[in-house]
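This report concerns only the one structure given below.
The values are calculated or read from the model by the stated rules, or taken from the named source; none is laboratory data. Everything numeric in this text was worked out from a predicted model, so none of it was measured. Reconstructed Cβ throughout: ideal geometry from the backbone, glycine too, with neighbour counts over all protein chains shown. When the accessible area is computed, the model is the full protein with side chains, heavy atoms only, and any ligands, DNA or RNA have been set aside. Shrake-Rupley method; radii C 1.70, N 1.55, O 1.52, S 1.80 Å.
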Amino acid sequence: MRVAIIGAGISGLALAYYLQKLGVRYDLFESEPQVGGVIKSVQQGAYQLELGPHSLQLNEELQELLQELKLEDEVIRPATKTQDRYIRKDGEYYCLPSSPRRLLLDSFFHWRTKLKITQEYKLPPQEVPEETISNFFKRRFGQEVVDYLVQPMVAGIYGGDPDKLLLEKTFPALKEMERTHGSVLKGLDLLQNDKPSKTLISLLKGLQSLPEAIASKLVSLHVDHKVEMIHRAKGKYLLSIQHDVEGLADEEFDAVVIALPAHAAAELLDYTTPGLAAALHNVSYAPLTVVHTAYRKHAIGFPLDGFGAMHPRKEQPFSCGTVWSSALFPRICPDDEVLFSSFVGGSQSSEFSHLPAAEILLRVHEELTQNYDISANLPVFQHLHRWPAALPQADMFITDVHQLAQMMEEDHLYSCTNWVAGPSIPDCVRYAKHLAQKIFSQRPSLQ
C-alpha cells in the first residue's frame with residue numbers, strides 16, 4: 001500500500017509521521033521550500049515573533065508527540081501566575097471570571113443578564129437546524145453574553161462571526177451538553193470536576209520547531225514539489241507533479257490525502273472530484289494581520305499579568321484583541337521591554353486587514369497607548385505580517401464540504417486539514433493520528 005499526502009502543514013506532517021510509525025508507505029508533497037504552513041516563527045534582532053499561532057494547548061496527542069520528537073527540553077511554560085483573559089467594556093478591562101458561578105458574582109454583566117444565566121438550568125433543550133453560535137447563546141443566556149463574551153471569543157479562536165458560524169461545527173460539546181444534561185451550565189460543572197485544565201506552552205526556538213522536528217524524521221518528504229493534478233484509473237491514483245526529478249509521477253498510489261487549504265484543494269480537485277471541488281470553492285477564510293509592538297517596561301501603566309485581552313465589536317475597537325506575549329514568555333524580547341501581539345481583521349472587520357501597513361501600525365500603536373496607559377510617543381519596535389486567508393470559516397457551506405469529503409473516503413481520497421479537524425494545532429495532530437490509524441486499518445481494501 002502507498003499513500004500520497006499533498007501539503008506539509010502541521011496536518012500533513014503529522015499524518016506522514018504517524019503513517020511512518022505504522023509502517024505504511026507514503027510520499028508527502030509540499031509546493032513550498034519550507035514546511036509548516038501557517039506555523040511561522042521569525043527572529044527580528046532581539047525579538048522572537050510568532051506570525052501564526054502564538055502558543056499551544058497541550059492535549060494527550062501533542063504531549064506524546066513532543067516526547068517522541070525529543071522536544072520536551074524545548075518546552076517553555078508561561079511565566080505569569082495566571083493566564084487570565086480580559087475583556088474590554090465601556091472603555092475598561094475586566095478580568096473574565098474562570099467559572100459561571102464567579103460570573104454571577106462579578107459586576108461585568110447587567111443584573112438582567114445574570115438573572116437569565118441563573119435560569120439557564122430550567123430552559124428546555126431545543127433542536128435548531130444549522131444553529132449559529134449566536135442563536136444558541138442568545139436563547140440560553142441572552143444578547144449581552146453574545147456581545148461581550150461569545151463574539152470576542154469566537155473572533156479570537158476562528159477570526160469569525162458568531163452570527164454565521166455553526167455551533168455543531170465549532171463547539172459541538174456545548175450542544176451535546178444541552179442534549180445530554182438539559183443545560184450547558186450543568187455540563188460545564190461536570191466537565192470542570194472531571195477534566196484538568198489544559199496547559200499552555202511555547203517552544204524555546206519558536207513554534208516552527210514543531211513542524212521542522214517532524215520533517216526531520218520523515219523519510220519520504222518532497223519539498224518544492226507542487227502537485228498540479230490527480231488522475232484516477234482502475235482504482236489507483238497518479239499525480240502530475242512540477243519539478244519531478246525523482247519520477248514520482250510514474251508511481252501509482254492506493255490512496256491520496258488532501259492536506260491543503262480549501263481554495264488550493266478546490267483547484268487541485270476540479271478535475272478529479274468536481275462536486276467536492278465546487279463545495280470547497282464556497283469555503284471562506286478570514287483575513288488577519290498580526291502586529292507585534294514593543295515598548296519599554298517603564299512606559300506601561302497597566303499591570304500585565306495574564307494571557308491578554310479580547311475586544312468586543314460593540315466597543316468599536318481597531319484590533320480583535322491583544323496577547324501579552326512577553327508577559328507569558330519573557331525570553332522573546334529584551335528584559336527591559338514589553339512585547340504585545342495584536343490581531344487586526346477577521347471576518348467581521350476584514351476591511352481593517354486590507355489597510356496600508358503604515359496605517360495599521362499607527363492605529364495599533366494608538367490603541368495600545370490608550371488601552372494600557374502607555375506614555376511613549378512611539379514604540380521601540382513594530383512588525384506586521386498579513387494572512388490574506390488565515391482561518392477557514394465553519395459556516396453553512398462547511399456542512400456540504402464535510403459530507404462530500406466523507407463520501408470521498410470510499411474512493412480512498414481523504415482530507416486531513418484544519419477545515420475538517422478544527423483550527424488549533426492540537427486539533428490537527430489528533431485528527432492526523434486518528435486518520436493514520438483508519439488508513440492503516442483499511443490496508444486490505446487499499447491493496
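Odds and ends about this structure:
- Net charge over other residues, Cβ less than 13 angstrom from the Cβ of ILE374 (K, R count +1; D, E count -1): -2
- In sequence order, the range 218-234 has phi-based couplings of 8, 9, 10, 9, 10, 7, 6, 10, 8, 7, 9, 7, 10, 10, 10, 8, 6 Hz under the Karplus curve 6.51 cos²θ - 1.76 cosθ + 1.60, θ = phi - 60°, and Gly or Pro positions carry x.
- Rounded to the nearest 10 Å², the accessible area of ASP90 at probe 1.4 Å: 120
- Normalised contact order of the chain, rounded percent, pairs of Cα under 8 Å and 6 or more residues apart: 24
- Simple spin-label estimate for PHE302 and GLU351 in nanometres, 7 Å along Cα-Cβ: 2.5
- Our note on the geometry: Cα centres of the range 201-227 and the range 323-339, 26 Å apart.
- Under the criterion of Cα pairs below 8 Å and six or more residues apart, the relative contact order for the range 109-191 equals 35 percent.
- Apolar share of the accessible surface for the chain: 51 percent from carbon plus sulfur atoms, 1.4 Å probe.
- Cα long-axis angle, helix 425-441 against the chain (0 to 90 degrees, to the nearest 10): 30
- With each label modelled as a point 7 angstrom along the Cα→C-beta vector, the ALA249-LEU191 pair spans 4.9 nm.
- Alpha-carbon gyration tensor eigenvalues x 5, square-rooted, for the range 336-417, Å: 41, 13, 11
- Spin-label pair GLN316-ASP400: with each label point 7 Å from Cα along the Cα-Cβ axis, the two points sit 3.8 nm from one another.
- Annotation: per residue accessible area for the chain equals 46 Å², rounded to a whole number [probe 1.4 Å, protein chains only].
- nm² value of the averaged projected area, convex hull over the Cα atoms of the range 11-94: 9.5
- Between the residues PRO172, THR399, VAL380, the greatest Cα displacement towards the positive end of the dipole of the chain, with unit charges on the Cβ of Lys, Arg, Asp and Glu, is found for PRO172.
- Comparing LEU218, LEU115, LEU49 in a Gaussian network model of the chain (Cα springs below 10 Å), the most mobile by mean-square fluctuation is LEU115.
- Computed [θ] at 222 nm, helices only, for the chain once each DSSP H run of length n ≥ 4 contributes -39500 (n - 2.57): -10000 deg cm²/dmol
- Each Cα pair under 8 Å and six or more residues apart adds its separation to the average, and for the range 285-392 the resulting relative contact order is 46 percent.
- Accessible surface ranking that places the most exposed of TRP387, TRP324 first, with a 1.4 angstrom probe: TRP387, TRP324
- Rg [Å, one decimal], Dmax [Å, integer] - the chain, C-alpha atoms: 22.8, 70
- Cα pair count fraction exceeding 18 Å, expressed as % - the range 112-261: 73
- Summarising the strand pairing of the chain, around 70 percent of its internal DSSP beta bridges are antiparallel.
- Long-range Cα-Cα pairs in the range 285-392 (distance over 17 Å), rounded percent: 50
- Pairwise FRET efficiency - LYS122 versus ARG443, Cβ, R0 = 60 Å, nearest 0.05: 0.70
- Between the beta carbons of HIS281 and HIS231, assuming R0 = 22 Å, the FRET efficiency works out to 0.60 to the nearest 0.05.
- Counting charges near GLN20 (Lys, Arg +1; Asp, Glu -1) among other residues having Cβ under 14 Å from its Cβ returns a value of +3.
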